[in-house]
Structures are given as structure tokens and as C-alpha cells.
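A short write-up of the structure that comes next.
The values are calculated or read from the model by the stated rules, or taken from the named source; none is laboratory data. Because the structure is a prediction, the values reported are computed rather than measured. Neighbour counts run over all protein chains shown; Cβ positions are idealised from the backbone, glycine included. Surface areas here come from the heavy atoms of the whole protein model, side chains and all, with no ligands, DNA or RNA. Shrake-Rupley method; radii C 1.70, N 1.55, O 1.52, S 1.80 Å.
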Amino acid sequence: MPDPEATAEPIVCARNLTRIYPLGAGTVTGVAGLNLDIARGEFVVLKGPSGSGKSTLLALLAALDTPSAGELTVAGRRLSGRPPGDLTRFRREAVGMVFQSFNLLPTLNVIENICLPALLAGRDEREARRRAEELLERLGLSGRARHPADRLSGGEMQRVAIARAVINHPALVLADEPTGNLDSRNGSAVIELLARLNREDRITVLLATHSDLADGVATRRLTLRDGALVSPPCGD
Amino acid sequence: MRRLISFFRLFAAFSLRHAARHGGRTVAVVLGIALGAAVFTSVRLAVHASIASFTRSMDFFAGNADRVVVRPGGLLPEETLALFYTHPAVRDYSVVSTTYVRRQGEGTEPFLLIGIDPLLDRTFRSWRIEGEGTKAIEAWLDLLREPYTILLTAPLARELEVDAGGGLALEHTRRTARFRVVGLLEPSGLALVEGGRVGIVDIATFQELTGLHGGVDRIDLKFRRGVTPSEIEALARELPEDLQLGTPSAARESGTAMIRAYQLNLSVLSFASLFVGMFLVYSLVALNVAARRRELAVLRALGAAPHTLFRLFLAEGALLGGLGWILALPIGSVLVRYLLEAVSRTITTLFVRVRVEELVLSPAELSVSFAVTLGTSLIAAWQPAREAMRVSPREAMDMMTPEERRRKSARSAALLALGCLAACAVLLPLPPAGGVPLGGYLAVLLLFLGFALLSPFLLERLASGLEGRLSRIAGPPAFLAGRAVRQGAVRTAVSVGALITAVALFTALVIMVYSFRRTVETWVRQTVSGDLFVTAKMGQVNRFRFPLPEEIVTELPRLAAGFDLVESRRWPLQRGDFPYEFEAMGMETFFRHGDFLWLEGDPEALRPRIAAGEGVLVSEVFAARTGQRTGDRFQAQIEGSLVDLPILAVVRDYRTDGGIVFYSHRHFRERYHDPRWSGVRFFFREPPADPEGELARLRRAIVAAWGDRLDLIGGRELREAVLRIFDETFAVTTVLLLIALAVAALGIATTLTVLVLERSWQLNTILAVGGSPPQIRAMILWEAAFLVAVGEGAGLACGFLLSGMLIQVINRQSFGWTFLYTVDWASLGLSLPLILAAALAAALPAVRAAFRLPPAALLRQR
Ligand SMILES: Nc1ncnc2c1ncn2[C@@H]1O[C@H](COP(=O)(O)OP(=O)(O)OP(=O)(O)O)[C@@H](O)[C@H]1O
Ligand SMILES: [Mg+2]
């Protein structure tokens, strides 16, 4: 069997994944008993009504939150019950995050924002700069490397944020409503960029969204309702 | 009315709820103001209670005389009274003398003995004997008729463990005598002098006890109704040349004048804590305005008038001030007890005897402290409230506030800072107004303000200057911290300003107190030299008015073979409001063993001229207060002689905060009259093999001969006592300083926490893109390090400037003395890192606050 690792082993494997939020005296369900496998190289679009648990799932996958129950393995690493140091390393090496509100640091300029994950991970600075410049080139933003991040337009900010998400060569990019704050033209550009990264760099993308902009590029579409998947979870 | 109600509704919903939601920082700021207000109020209360006790005492004692007759530096001959028997202008006259005595025995405290003529005195001072009509009259008659009878106040009688009818042995300079207590005084009028520690005797008994036959301290006069000023002037002219006609309040006024400078300096220092607290209010209100800009814009867009927003934030400042003031009451009530004790002790040792037995918290005092606390809070909230007023409704649509404006404001703040510092340089040299160095104090205020305004600029410079190097050495946390500091420079400036102020005060006072102490040490070593000091019993408390008896003066040298004796005589004198001492001392012998601390002139050339009696030496304070300097002539009436001598030089002296004039004892006798001895010090002629043994032998011999009539104190003990008093005096200062530093640390803690909470999404983003929790903690600590570094660095610079101003200008103007500038590197080297550590520790709540929001919250942000 050729290249068993890359293709056979799913990059995301969730079993009975559950996240319950305590709220006052009672609880609120984020995700409940969710089973999910995502294979390397997929472009998965995650849909579902507001409050169905999309962001909760992404936070769990990015190790920004810990599950209340269930098993979760991402990029070959089991995420439950790990010490904070391991989770930090996981975030540095395995995933890239893209947010609805961009979350660029206003104190840094464009290229510094892109290089930040490399800097935090202690990677070689020159190497990171080279890659950042190359990414900027691909984003059509090469002229703006030294502009303050808070002076860009929304579409530009989100493109910079995507570059920041992939600077450390993650296997998986998690994007939560990346087009939510953008008009449809800028939104399409962002989706196109993610699709290119998926195609050219073989980066797996999980995109949570309400819009239909990504429907065309998705390799698979999932729907969440009340914290569980509605469509069949594993394989097709 | 409706408008008011709706304003308060808005205030409750908009401001109170926000304050409650951010309870931690509100509490920190309120605590800061409370500490400041508590210090301010308790210092005021303590000083005022001491002064009130003094003036009340002086007023009861002064009675209702119109004028008093005194003889400067000496006693009035009783015959003077005859002048007034038939004088057309005078209706009543009386005599009065006072001295301190104490009950015979170990460790008893002196109390004031007042000698009066019970008959003549009735129209002047009010005092009544306890008991039924006839019993009181009996006691009064006994006092008049029988020698060695005394009236005591009830509390004093209790302290001395005697009752009416009992007997009591009292010690005075010349002798110890037994008294019979004929009655107790009712607690009113004269009985309240010195907090009730007084006894009254007939003037004849007084003279017999003290040996001052035929002499009295003072004659009180009451004029006939309708007497004209010219008649009073005529009376003054008729008096013999060496007598003076003065007002009864002169003693009180000169006493309070002396305390005033001390009071003022302490008040200014106590205000410092409140000033630092003011920074806190400013920083919190400013942070709220900045953080809630968007909400403000929305309010404006919904129709709120600009002045409504202005009033909202002003009200917030008022609320902080009001709460702080309420919290200050319990803190102050603890603090004031310590301060009262320390302040009254200092005033007693340095200026005038005070005894504070009660502390009255008058409504007036309460309102002053409330007004000052509220006022400073309102002033602090003013500027941010104006800023709130300028928020435009359009900002509700903007995404972010541009950084451009911040940069510009850092630069314009720096320009304003330069303006402040320039104004400071202009104000500093202004002459004092009525003994108050107003220009100096204003200059200090401007100095603080200037440095605080400079801090955003310094922060930006430091952060951008170190950015490259630090990120290479300390990694991404330092780099990110530098960026955050650069951006937040203007907003953090206020807390940094508070730290600058506190550190500057600390540095300046450490330098000042140390310089002062080193100078005093040198002075003590040189001028207060001697191996044994002997004065008439209670010489110090009785201000050396009772010279040593002749037989002791002639016998003493015989007992002290192997010793050099330096005799001296001190007279308390007065020039206008300014009290000073004249001291005649054995200069030739003194120069063999000790020296003065020369301020100007060539000591080598001056010593022989002083010893030869060519002129007097005056202390720095005397020169500063009278304006007389080297080359001028010193003139004063001393007992029967008019002393008129050239001033040869100025020396430093710290014995009292009045002035001192020194002259040769031998030449005083030759030129004027026999000054007699009020004290003498002994020096070993040659250093002996066993100094302690030799000294003990001398002490034993003197005590055996006249132990009941002399006070003895070893040179070393005396010098140690002087330095101990010095340290006690400045203990208050240290406490006040530590409080100011604590308030500044509170400021750092609040600011950093607020900054961290405000940026929690940034911190979470850093975490999400691969930052580790330790990296984020390190980043916040680095931010704190930047703030603290600028705070301490600028504070240190400001402190050095301030110390120079304090020593060279403010002390000179308010006390008249200066000292040798000496920097206490050891203390600074030890305490500055401690302050640094404490300020960094103040960042810990901020570090903890960093992870208050779960990182997943990032995904819920729109
Ligand atoms: N920290 C929290 N505390 C309590 N409940 C929470 C918390 N975070 C999320 N929830 C709840 O969990 C459920 C799922 O929320 P989640 O944000 O994952 O939905 P979503 O699908 O991303 O919605 P949207 O499309 O609006 O972004 C919701 O009911 C939400 O209220
Ligand atoms: Mg969501």
C-alpha cells in the first residue's frame, strides 16, 4: 500500500466528542457525542444554524478548549489530557487558525503579524521572513509588508491572517466564519485563497460558515445541529 | 429635579454598573485615595492638636493682660513694680514667674511651677480651688500666708500620689524642698496649661525655692479704660532701657511661628500621598474613557449631550473620592494615634513643650479633609471627562482609534513637560512669601508634573530603542511587550507618573535625610564634643535660666584634675518674632578639643580672633532669619548690658531651629558683666588609659558633692541622644513615604491589570497562533519592567533634582539651614531594587488576569 500514513490515517478523528458548558445551575450543550473523521487534503465546509456548535468544535480541534468527554486525535496527536506545553507545541506545529474578526495584533505591522507564529515557535527568523514575503506575493500584498496591520481593509486583513495561519506549515487550517465580516467579493477572494492552499500545499481546511461561497470548492459538506452531525460522519 | 433624577439613573446604569463589574480596580483606586486622604488628614490633626495644645496653654497662661513687661535674657527686678503703683495709665498689675520642677525620686517627669501673687493675680488669670466656699478660701489664704504651700491640678496630684493636705518633696536647680498641698485646682483656666501638669505657688515661695530673690519673669499690666496709644508709648519710654513692653501673645506667636515651617513641610509631604492618589483617579477615569469610547459614541449617537458625558465621568471621580474619604476614616483613626505621638514629641524636642491629651475631630477638620479629597479627585477626573465630552457620535461607526493621534500626543506631552521644567527653574529662586517657600513648593509640583508628562515620550523611546536588542536576548515576549508599551505609552503614562513621583520623593528624602544626618553627625562630633556635660538641675527644660551656684563653680575645677573645663552660659533671646540663643563659652579651651562647622571664612584665621573676643559667631539660621552676615554688627540687650559686637563668621548649628550666637565667655565677662555658668563640659586633657573609669570617678565625685543640684550626662550619651532624636523626627517622614510608594504600586497594579484585561483578545490570539502561557506571562512582566524601568529611572533623576531643591532652597527658606550634600548610595542601592521588585510584584495581578477569559472566547468575538 502506497504511503499509508498520509492517506489512510485521518487528520481529524473524533469519537463521542462532547463539550458541555456549565451555565448557572444548569448546563449548555456545545457539542455532544460527535463522531468525525477528516482525511488529509480534504476541504470540509461545516454548516449549521447559529448555536449548533461549530465554533465549539473548532476550538476543540485547535486545542483552545478541552472536551468534557470523548476522544480526539488531530494530526496524529491525542489531545485529551495533555499538559499545556504539549498543547502549545501542537498549536505551533499542527494547526493554523483564521477568525471572523481577523485578530491581527494592532501593534505589529503586516509582515510581523505573519511571522509571529514562527517567532513564538522559535523558528529561524530569516527563513520565516522569506516564507512570509513569498506568501505576501501570493496574496498580492507584497507592497504592504511594512504597513501597520490596523490600517488595512477588512479583506486585506483576512488575507494577512491566512498567511499568518500557514507560516508554520500546518497540516490543518481551521477557519471560523472567515468571510463573516467581509463583502461577497472579498469573501470570495478569501475562499479562493484557502482553496489554493488546499490544492497547492495540500493543507487540509475545515471551514465553518453560514455562507454558500465555499460550496463550490468543498470536497465535503457537513451539517451540525444541536452539537451533533446530521450528515453521515465518516467516509462517504 | 427630573433632569437630576434622570442623570443619576444614567450614572447608575452606565458608571456604577461598570465600576461594580470591574470591582477590583475600583477597590484598588479607592484604597489608594483612602491611604492618601488618611495620611493627609491625620497629619493635619496631629499637628493641629499639638499646636492647639500649645496655644491654649499659652492663652490661659497669658491671661487677659493688655501688655507685659520683660527683661530680655534676664529677670525683672521686683522694684520695677513700683513704677506702676501710681501710674495714671495702669489700672492693675501683677507678677508671674515659671520654672520646671519635679518630684524627688528616680525617673519623675518635670511639671510647670507657676509663681504668682494670689492677690494681684485675680484680675488676670482665672483659676479656682476645688471645694465648698470656706474650704477653698482657707486653701487660698494658706497659699498666701504660709511658705511652701502649693496648689496642684487634680490629675497632677493623682500622678504624684498626693491629696489635698498631703506633703510633697520637689526638686529644683538649687535645692529640694517639701511642700504642703493646700488644695486642688478646678479644671479650668490656668489649670489647663500644659495639659494640666501645673502647680501654683506664691511668688515669695517661688523666689525662695529658685533663689531668684527680688526677681520675677514678667509683670502683667492692665490699662485704665480709655487709655490712648500715645499714653502706652509714653509708658514704654519711661521704662528703664533694658526692659521691654510687649504683648502677652508674643510668646505664643513666636512659638507657633517656629512650628509653622515644620507643620508646612509635614503637610506638603502628607499631601504627596494624596497627590499620588490623584494620579490613580486620573488613570482609572482616563482608562475608562478610553476603553469605553465606543459606548460613549453610541450614547452620543443616541442623543446624549456632551456635557452629560462630562458630568458622568466627573461624577465617577467624585464617587471614587467620596468612597476613598469614607474608607480613610478608619485608616486615619489608626494612623493618627501613631502620628500624634511622634509629632508632639518632635515639636517638644525641637520647638516648644506641648502636651496633647485629647484629639478633637471637629466638623471643620472633617469638612476640610472631605473637601480636599473630593477636590483632588475632581481635578484628577477633569481632563479625562473633557476627553469624554469630545467623543464624536461618528466614532460609533469607526473600527479602531488611529495610532497617529497617540504618537502626536506623546510628543506634545513632552513639549508641555519641557514647559513645566522651564517654569520650575523660574519659580525656584523666588524669595519666600512670609517665611513660606511658595515658589519652591510650586516648583516641586511642576517638577513632578513635568516628569510625569515626559513619561510617554520616555516609554516610547525606551521601547523602540531596546526593541531589537531585547528581542534578540529575551525573545518574542520582550519584543511583543515593547510594542505594546509603545502603543499604550500615553495611557500608561499616568501610572508611570505616579511611580515617578513616589520614587522621586523617596530618593530625594533619602538623600536629604542622609545629608542632614551626616552633617548633624559631623556637627555633633565637632561642636557637641566633650566627655562630660554638667548643667544646673533641669537646666535644659528651664532653658538655662538658672546659673550654677557660685560655690559649685569655684569648687568644680578642683574635683576635675586632669580635665579641661569649657564653661558656658546660654540666654534665650528674641528678635522680633525670631527666638535665638546667645551662648558665651570658653572658646580658647574649646578650640583645643572641638570645633565649629564653618560655613564661610578661613577657620585657621578665625579661631584666634574668636578666642580673643574680637566678635561673635552666628549660626546659619540666625544669618538667614535676620539677614545679618559676616561684617555686620550684632546688637542685643543681655541682662544689664548692651552687647554690640561684629559678626566674624557664620557656622552651621542644629541645636535648635532658632538661631545661635556664640561669644567668648572670658571676654564677655571682661567687656560686660559676669555671665556666670549655666553649664560646663569636661574634656580629658590627655587621652587617659582608662577613659571610662576616669569618667566614672569624676561623675561619682560630682554626684557625691552636689548630686541633687546638677544634671550630668556623658558626652557619648548626649551625642547618641541627639542622633536618636533626629532619627525619631524623621521616622514620621519614612512612614509617609512608604505609604506614597504603596499607593504608587497600587497604581501600577491597576493600570497593568486594566491594560491586560482590555487586550485579552490579543493575548488569546497570541496563544492561538502558538504562544505558550509562560511566553504570555513573560510578556506582561516585560511590559511591567518597561513601565517600572521608566518610572524608577525618571523618578531617580527627578529625585536627585528634587533633593537639591529641598536642601538648597526649601530647607533654607523654611528653616534657615542647609547641609552638606551627601548621597546615601548604600540605602539607595539597597532600596531601589526593592522598589523595583515591589513594582514588578504589582504586575502579578495583571499576569493572573491574562487568562481570565478562556481562549475559546476568541471564536465568539465578532
Ligand atoms: N463559554 C460558553 N459558556 C456557555 N455556553 C456556551 C459557551 N460557548 C458556547 N456556548 C453555547 O454552546 C452552544 C454552541 O455555541 P457555538 O458558539 O459553538 O455555536 P456556533 O455554531 O458557532 O454559532 P454561530 O453560528 O452563531 O457562531 C451555544 O448554545 C452557545 O450558547
Ligand atoms: Mg460560531
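Think of it as helices only: each DSSP H run of n ≥ 4 in chain B is worth -39500 (n - 2.57), and spread over all residues that comes to -20000 deg cm²/dmol at 222 nm. Three semi-axes describe the equivalent ellipsoid of the protein assembly as shown; taken as square roots of 5 times the Cα gyration tensor eigenvalues and ordered largest first, they are 82, 31, 26 Å.
Taking every alpha-carbon pair under 8 Å whose residues sit at least 6 apart, segment B:297-383 reaches a relative contact order of 52 percent.
Here segment B:425-485 and segment B:602-641 have alpha carbon centers that stand 46 Å from each other.
In segment B:433-482, burial by the other protein chains removes 30 Å² or more of 1.4 Å probe accessible surface, compared with the chain on its own, from B:476, B:479, B:480. Between segment B:182-221 and segment B:265-283, the C-alpha centres lie 46 angstrom from each other. For segment B:654-673 versus segment B:682-711, the spacing of their alpha-carbon centroids is 26 Å. Applied to segment A:148-159, the Karplus parametrisation 6.51 cos²θ - 1.76 cosθ + 1.60 on θ = phi - 60° returns per-residue 3J(HN,Hα) values of x, 5, 7, 9, 8, 7, x, x, 5, 4, 5, 5 Hz, with x for Gly and Pro. Bridge orientation summary for chain B: considering DSSP beta bridges with both residues in this region, about 75 percent are antiparallel.
Between residue B:18 and residue B:758, the simple spin-label model (points 7 angstrom out along Cα→Cβ) gives 1.1 nm.
Toward the positive end of the charge dipole of segment B:538-708, with +1 on the Cβ of Lys and Arg and -1 on the Cβ of Asp and Glu, the farthest Cα among B:624, B:601, B:689 is that of B:624.
For segment B:813-862, accessible area lost to neighbouring protein chains reaches 20 Å² or more, against the chain alone with a 1.4 Å probe, at B:855, B:856, B:858, B:859, B:860, B:861, B:862. Can you find, among B:842, B:663, B:18, the residue farthest towards the positive end of the dipole of chain B? Put +1 on the C-beta of Lys and Arg, -1 on that of Asp and Glu. Looking along the dipole axis, the top candidate is B:18. Using a simple spin-label model with pseudo-atoms 7 Å out from Cα toward Cβ, residue B:253 and residue B:860 lie 7.4 nm apart. Short-range pairs are left out: with C-alpha atoms under 8 Å and at least six residues apart, the relative contact order of segment B:64-247 is 38 percent. Rolling a 1.4 Å probe over the heavy atoms of the protein chains gives chain B an accessible area of 41 Å² per residue.
Backbone geometry of segment B:478-484 corresponds, through the Karplus equation with coefficients 6.51, -1.76 and 1.60 at θ = phi - 60°, to 3J(HN,Hα) couplings of 5, 4, 5, 5, x, 5, 5 Hz, x marking Gly and Pro. Dipole of segment B:64-247 computed with +1 at Lys/Arg Cβ and -1 at Asp/Glu Cβ about the Cα centre; of B:214, B:108, B:81, farthest Cα towards the positive end is B:81.
Over segment A:4-229, the ratio between the Cα radius of gyration and 2.2 N^0.38 Å evaluates to 1.00. Taking the Cα centre of the protein assembly as shown as origin and assigning +1 to Lys and Arg Cβ atoms and -1 to Asp and Glu Cβ atoms, the resulting dipole is close to 4220 debye.
Normalised per residue, the accessible area of segment A:4-229 is 39 Å², obtained with a 1.4 Å probe and no contribution from ligands, DNA or RNA. For the chain pair A and B, the buried solvent-accessible surface (1.4 Å probe, both sides summed) amounts to about 2800 Å². Counting only Cα atoms, segment B:64-247 measures 52, 37, 28 Å along its principal axes, largest extent leading.
Think of each Lys and Arg Cβ as +1 and each Asp and Glu Cβ as -1; about the Cα centre, that makes the dipole of chain B roughly 4980 debye. When only Cα pairs below 8 angstrom with a gap of at least 6 residues are kept, chain A shows a relative contact order of 30 percent. The radius of gyration of the Cα set in chain B, together with its Dmax, comes out at 33.2, 105 angstrom. Counting protein heavy atoms only, the protein assembly as shown has 57 percent of its accessible area on carbon and sulfur, 1.4 angstrom probe. Computed from backbone phi, the HN-Hα couplings of segment B:375-390 come to x, 5, 5, 5, 4, 5, 7, 4, 5, x, 5, 4, 4, 4, 5, 8 Hz, rounded to whole numbers (Karplus: 6.51 cos²θ - 1.76 cosθ + 1.60, θ = phi - 60°; Gly and Pro given as x). Once a ≥ b ≥ c are taken as the square roots of the eigenvalues of the Cα gyration tensor of segment B:538-708, is the result rounded (a/c under 1.5), prolate (a/b larger than b/c) or oblate (a/b not larger than b/c)? Here segment B:538-708 falls in the prolate category.
Kirkwood-type hydrodynamic radius, segment B:283-374: 16.8 Å, calculated from all non-identical alpha-carbon pairs. With R₀ fixed at 22 Å, the C-beta to C-beta distance from residue B:231 to residue B:79 puts the FRET efficiency at about 0.45. Taking the alpha-carbon distance from residue B:222 and a cut-off under 12 Å, which aspartates and glutamates remain once sequence neighbours fewer than 8 residues away in the same chain are dropped? Result set, ordered by chain and number: B:66, B:92, B:121.
Listed peptides A:169-175, B:154-160 appear in the order A:169-175, B:154-160 once ranked by packing, highest mean of other Cβ atoms within 10 Å at the front. Residues of segment A:81-104 whose accessible area (probe 1.4 Å, heavy atoms of protein chains only) drops by at least 20 Å² once all protein chains are present, relative to their chain alone: A:88, A:91, A:92, A:97, A:99, A:100, A:101, A:103. Here's how it looks for residue B:149: its modeled amide H is under 5 Å from those of B:180, B:202, which are all 5 or more places away or on a different chain.
For the pair residue B:614 and residue B:338, the difference between a 0.36 nm per residue extended length and the Cα-Cα distance amounts to 94.4 nm.
Charging the Cβ of each Asp and Glu at -1 and of each Lys and Arg at +1, and nothing else, the dipole of segment A:4-229 about its Cα centre rounds to 180 debye.
In this structure the amide hydrogen of residue B:573, modeled in the peptide plane, comes within under 5 Å of the amide hydrogens of B:580, B:581, B:582, none closer than 5 places in sequence on its chain.
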